[in-house]
């Protein structure tokens, strides 16, 4: 994988581009660390859920939301290191084929938040090839920002799960999520129309 | 997971009568509108898993790891759909992180059914050791858990525990003891 023709983008920029496209109260699940810090920094919305631990579970949590609310489009943002912890989830999702689930992988090849150590997959494994091999045939690298937006548009009206992988730089997240798990969960449920505030 | 020379004891897994342990669990899940049941399989749970698959009320499927299943039912609950996770003792042993960082702090009514290996005739030393980690982990997080040994108490414990989990927004582990299920015995 030494010959990569995809542009190295920025997580906050790409996340902001995604959020700007959401017009139908789509759910967004942010994986731990920088992934949800940038989701937070892109502007809090009631349909955002921020993980504070449980590394690797952004896609499974998003799958659960997608199965509970099949008429709502559900996006999940995950880092490459996190995804490596839970690769089995890709085949579960491929097997269930939820039509409303879009997975976005932010791949910088490092554990940025712990000191930028390279992941064991860096330079050798290809996330899109792994996803395709797991049965997620609609998986693609975004070539650049414009291509990312095009892939999001395509996934928005798709009838099958999509995975979009984005090569990103080594910058840390722009913001810091307020670490209040009960409030995060409760507001997310309000945002999904499951509950009304007291 | 099954190894060729291991078998389930005869009293477990036979028939699908409503008054079997697995029939009671299935009906109690249904009555409490728990329709999403991901699992990592276990020999003892086989009749329950088979009957869940056969009933269109349930969406049931295998996951690669138990914590993946916990993530799925947590997301589903936030989206308004109730779920429960089925696993074996050794699978529970992989869950300390997700319990402490997702289910407990976010107050998610995670309902877990654990088929208990490692006691009352265990033949695999590893299983007997991992079993000893289960209750200390549950107790360390002050999680509600019940070990179910009797068929006549099963419906009451399962039904009340599900209702308590939902209303108090707290996880619960229902441990299905070999006295209830027959367990898994070395038969060769």
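Applying 1/(1 + (r/R0)^6) with R0 = 30 Å to the Cβ-Cβ distance of residue A:125 and residue B:97 gives a FRET efficiency near 0.80. Take each peptide in A:48-59, B:67-78, count the other Cβ atoms within 10 Å of every residue, and average; sorted highest first, the result is B:67-78, A:48-59.
Between residue B:124 and residue B:18, the simple label model (points 7 Å from Cα in the Cβ direction) yields a spacing of 3.5 nm.
Using the Cβ-Cβ distance between residue A:170 and residue A:198 with R0 set to 45 Å, the FRET efficiency works out to roughly 0.55. Pairs of Cα atoms nearer than 8 Å and 6+ residues apart set the relative contact order; for the range B:56-188 it is 26 percent.
Inter-chain neighbour count for A:191-197: the average number of beta-carbon atoms from partner chains within 10 Å of each residue's beta-carbon is 2. Label zone of residue A:153 (point 7 Å out along Cα→Cβ, amide N under 20 Å): in the range A:11-30 this covers A:13-26.
Looking at the range A:11-191, the DSSP beta bridges with both ends there are about 10 percent antiparallel. Each label point was placed 7 Å from the Cα along the Cα-to-Cβ direction; for residue A:24 and residue B:142 their separation is 4.4 nm.
Judged by the mean number of other Cβ atoms found within 10 Å, the most tightly packed of the peptides B:100-109, B:119-128 leads the ranking B:100-109, B:119-128.
Here is how the number arises for the protein assembly as shown: DSSP H runs of 4 or more residues each give -39500 (n - 2.57), the sum is divided by the residue count, and the result at 222 nm is -11500 deg cm²/dmol.
Rg then Dmax, both in Å and based on the Cα atoms of the range A:1-98: 13.8, 41. With one equal scatterer per alpha carbon and no solvent term, the Debye-computed log10 I(q)/I(0) for chain A at 0.07 1/Å reads -0.17. For chain B, the normalised intensity computed at q = 0.17, 0.19 Å⁻¹ comes to -1.09, -1.40 (log10 of I(q)/I(0), Debye sum over alpha carbons, equal scatterers, no solvent). Any idea what log10 I(q)/I(0) is at q = 0.21, 0.31 Å⁻¹ for the range A:14-59, Debye with uniform C-alpha scatterers and no solvent? Once normalised to I(0) and log-transformed, intensities are -0.65, -1.23. Taking every residue in A:164-174 and counting other chain Cβ atoms within 10 Å of its Cβ, the average works out to 0.
Once C-alpha pairs closer than 8 Å and six or more residues apart are averaged by separation and normalised to the residue number of the range A:42-86, the relative contact order reads 43 percent. Scaling against 2.2 N^0.38 Å puts the C-alpha radius of gyration of the protein assembly as shown at 1.01.
Would you mind pulling out the separation of the Cα centroids of the range B:91-152 and the range A:106-182, in Å? About 34 Å separates the Cα centre of the range B:91-152 from the one of the range A:106-182. Neighbouring Cβ atoms from other chains, within 10 Å of the Cβ of residues in B:99-110, number 4 on average. Over the range B:104-188, the Kirkwood radius and the radius of gyration, each from Cα atoms, give a ratio Rg/Rh of 1.02.
Throughout, read-outs are computed from the coordinates displayed, never taken from laboratory work. Keep in mind that this is a model prediction, so the values were computed, not measured. Backbone-built Cβ (ideal geometry, glycine too); neighbour counts: all protein chains shown.
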